[in-house]
Amino acid sequence: MKFTQTKKREENGNGWVVWTLFRPNLHFRTFLSDRWALISSGRASAVTSCFVYLLRLLTRPQQQDQKLPPTPAATDPPRHPTPSINFPLSRGRREIIADENQSRGGERGTQASNQRGIGSGTRRRRRRGMDFELRKAREKLEREQRERVQRAKAKADRERRAKAEAARRRDALEASHRERRLDAARAQEEAQQKMEEVMQLGKGISFSHMFEALRYDGPGDKIKLPPSSFKELSDEGALDKGPMYFRLSKVRDSVPGAPQDNDADEATCCGVLEFTAREGSAELTPHVWNNLFRGDSPDVPLIEVRYVSLPKGTCAKLKPEGVGFSDLPNHRAVLETALRNHATLSENDFVVVNYGQLQYKLKVLELKPASSVSVLETDVEVDIEGPDSVLDNVENQHVLVPLETGKVESGVVEEGKFRYYKFLVDEGMGEKVASRHANIEVKIETDTSGGDTDIYVSRHPLVFPTQHRHEWSSHEMGSKVLILKPRDASLASGTYSIGVYGFKGTTRYQLSVAIKDVLNGQRIGEQASASSSVDVDSVVCKNCKRYISSRTSLLHEAYCVRHNVVCMHDGCGVVLRKEEATDHVHCNKCGQAFQQREMEKHMKVFHEPLQCPCGVVLEKEDMVQHQSSTCPLRLIVCRFCGDTVQAGGEPLDARDRLRNMCEHESICGSRTAPCDSCGRSVMLKDMDIHVIAVHQKS
């Protein structure tokens, strides 16, 4: 149950208290709609009145299906009579009830006036409730009006922004269309200008295509194009205008109109070898590839191939990238041989020249009469500039350091490395050497730090002697002297090369070359040309086999037997002191005699298998013979072109083999030249036979 106490007003000094009792709708449904006012009196307390009222309610008969009566108005009298008490009461309780009934009649007037007061309060509350509802309705109306105004403003803002966005898009679309029209006009103008340039460069032949660049191994600068290019060039009439030349330029971006890098204009020129490449691709030689793609290797290299007409070159200026090219014998002829595989030259290109196993790069600085010229069937004046600096101390650098006769040159060589020198023997000294009145002596003195060196000497055209390509060598340990005796007396004069090889450790040395007369003193390792005369009374020592005077033979034999011993190795017979005999050994393979400490070096130098670049594996002595006579990579001076080139294998023609020609001479001699007498075109290798057979009488 829940009670609420509300103070209504005060009258006659008494407080009016209304107690409202709410009962759950469980057993007394009629009680939920009843509302009673209990008025306290002076004689009975409010608690007693409430208790009496509750007893009356409990004794009232219950009607289950009776509807709840409406709440009585404030002015209406109470509708429910006081229920009678059906159970017996005590005398005190009966007196209390009688007193209450007597006082009820006097209090009715006061209750009526109170009911009128309660009605006026209800009306005031209703008016206040109506004012509150009106105020809420007015506030709701004002709020809805504000929301409608805000929605209208937001809609107007959206419409304004939509109109502005539409105008912006319209302007952007018009600008894009205008830019496209301008780009199309520029592209058309560029295409027309490019077509004019192509027509001008090609002398009326328009050929320009984009291909994927592929690489193939081949000499020179002649590329391979697909068969469709041959048909197009044939239809254009390019075959009737002589050799075809093309300008190659790399394409960075394959998307039309995409921005390109600054170096996208790098280009080079070339010739064409054949039309056998697959469609959509062009095959480039290493020379063309390296000049076109410098320092980068794109995943999908795209190039533009354009037909051009090039003038014949008259002058070219080249500069070696490194040092040593000018040391080659007849290096201009070597360069001319390398350029025979080229059809064009372009400025800032690099030309690679191979000389045996060495490779030199020369940069094209200047060309006349244009930046790209043709070198086919023309005479070009070549000017070769010197390098920027001489790199004498660069490791593994093939450089010939000039060495003057009679002067000492100091240096340091590391293990497994070469240091090269060159010296010149003039005609006068060459005659003395050829007549055996003088010898060329190469002397090297090393320090005692534990290192060791070898000396290899050759005569040009073999510029850089190696361990198995040389003419003279010395493998003695420590300091050594090498005496050069030319095999051909007529070839004593000329340029010689010395290679100092670091056999073990890092070695400091002093190298010198001298030409000494034979009469002034005997060279190391040489015997006297004239022997002393043998006396008549001389006898042969049984131990050392030397001729001894008969007067002192007994004394000599006694001393010789005690101190000397003869080497019993087959073919040796060297007389040694007994303390030196233990250090004297012979090689099991070649039988040569050495000291014990030199045997390891001898086995490594002379009997360790070596592999030639051509694939043959031989020992040192056989390798020297192989590379001087039968190796296809050996350098020779061609009897027809006069250049120093690789010999190659045996020629296919049996007649050329009978004439002791190599493969290069057989191919080079197959070129034709007009006869000086009759003007007929005759092969160079058959020119002597033609002269003898046809023009012998004249």
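The values are calculated or read from the model by the stated rules, or taken from the named source; none is laboratory data. What you see is a predicted model; the values in this text were computed from it and never measured. Note that we place each Cβ from the backbone using ideal geometry, even for glycine, and neighbour counts take in every protein chain shown. Heavy atoms of the whole protein, side chains included, go into the accessibility calculation; ligands, DNA and RNA do not. Shrake-Rupley method; radii C 1.70, N 1.55, O 1.52, S 1.80 Å.
List the residues of the range 266-282 whose backbone N lies under 13 Å from a point placed 7 Å from the Cα of Glu304 along the Cα-to-Cβ direction. It comes to 266-268, nothing else.
For Glu212 and Asp383 in one chain, what is 0.36 nm times their gap in residues minus the Cα-Cα distance, to one decimal in nm? It would help to have the intermediate numbers written out before the result.
Values: separation 171, 0.36 × 171 = 61.56 nm, distance 3.60 nm.
In short, 58.0 nm is gained.
Backbone amide hydrogens, once placed in the peptide plane, bring Glu321 within less than 5 Å of Lys361, Leu362, Lys363, excluding anything fewer than 5 places away on its chain. Rounded to whole numbers, the Karplus 3J(HN,Hα) couplings from phi for the range 177-186 are 4, 5, 5, 5, 5, 5, 5, 4, 5, 5 Hz, using 6.51 cos²θ - 1.76 cosθ + 1.60 with θ = phi - 60°, and x at Gly and Pro. Converting the Cα gyration tensor eigenvalues of the range 315-384 into ellipsoid dimensions via √(5λ) gives semi-axes, longest first, of 20, 13, 10 Å.
For Leu214, the residues 5 or more places off, or on other chains, whose built amide H falls under 5 Å of its own are Ala282, Glu283, Leu284. Annotation: lysines with alpha-carbon distance below 29 angstrom to Lys542 (same-chain offsets under eight excluded): Lys578. Each residue of the range 603-609 is assigned a 3J(HN,Hα), and the resulting list reads 5, 6, 7, 9, 10, 7, x Hz, derived from the Karplus form 6.51 cos²θ - 1.76 cosθ + 1.60 (θ = phi - 60°), x at Gly and Pro.
Cross-link reach is defined here as a Cα-Cα straight distance under 29 Å, omitting same-chain residues fewer than 8 places apart; for Lys153 the lysines meeting it are Lys136, Lys140, Lys163.
With each label modelled as a point 7 angstrom along the Cα→C-beta vector, the Val561-Met130 pair spans 17.2 nm.
Give me the percent relative contact order of the range 632-695, please, defined on Cα pairs under 8 angstrom at least 6 residues apart.
Values: 83 pairs, mean separation 13.9, N = 64.
Once divided by the residue count of the range 632-695, the mean separation gives 22 percent.
If each residue of separation counts as 0.36 nm, what is the full-extension length gain between Ser297 and Ala593 once their alpha-carbon separation is subtracted?
Gain in length upon complete extension: 100.8 nm.
Solvent-free Debye calculation, one equal scatterer per alpha-carbon of the range 400-517: log10 I(q)/I(0) at 0.11 Å⁻¹ equals -0.33.
Order the peptides 219-226, 406-413 from the highest to the lowest mean number of other Cβ atoms within 10 Å of their residues.
Numbers: 219-226: 21.5, 406-413: 14.1.
Result, highest mean first: 219-226, 406-413.
Packing, as the average of other Cβ atoms within 10 Å across residues, places the peptides 236-245, 470-479 in the order 470-479, 236-245, highest first.
With a 1.4 Å probe and every protein chain kept in, tell me what percent of the accessible surface of the range 632-695 is carbon plus sulfur. Within the range 632-695, the accessible surface is 54 percent carbon and sulfur.
Value of Rg to Rh for the range 568-698, rounded to two decimals, is 1.30; Kirkwood radius and Rg both from alpha-carbon coordinates.
Which pairs, out of Lys194/Lys224; Lys443/Lys604; Lys250/Lys361; Lys361/Lys485; Lys241/Lys685, put more than 27 Å between their alpha-carbon atoms? Exceeds cut-off: Lys361/Lys485; Lys241/Lys685. Rg of the Cα atoms in the range 132-171, relative to 2.2 N^0.38 Å, amounts to 1.93.
Approximating the spin labels as points 7 Å out from Cα along Cα→Cβ, the Ala152-to-Glu414 distance works out to 9.4 nm.
How do the peptides 362-372, 539-549, 173-183 rank, highest first, by the average count of neighbouring beta carbon atoms within 10 Å per residue? Could the numbers behind the result be given before it?
Details: 362-372: 16.4, 539-549: 14.2, 173-183: 10.1.
By packing density, highest mean first, the sequence is 362-372, 539-549, 173-183.
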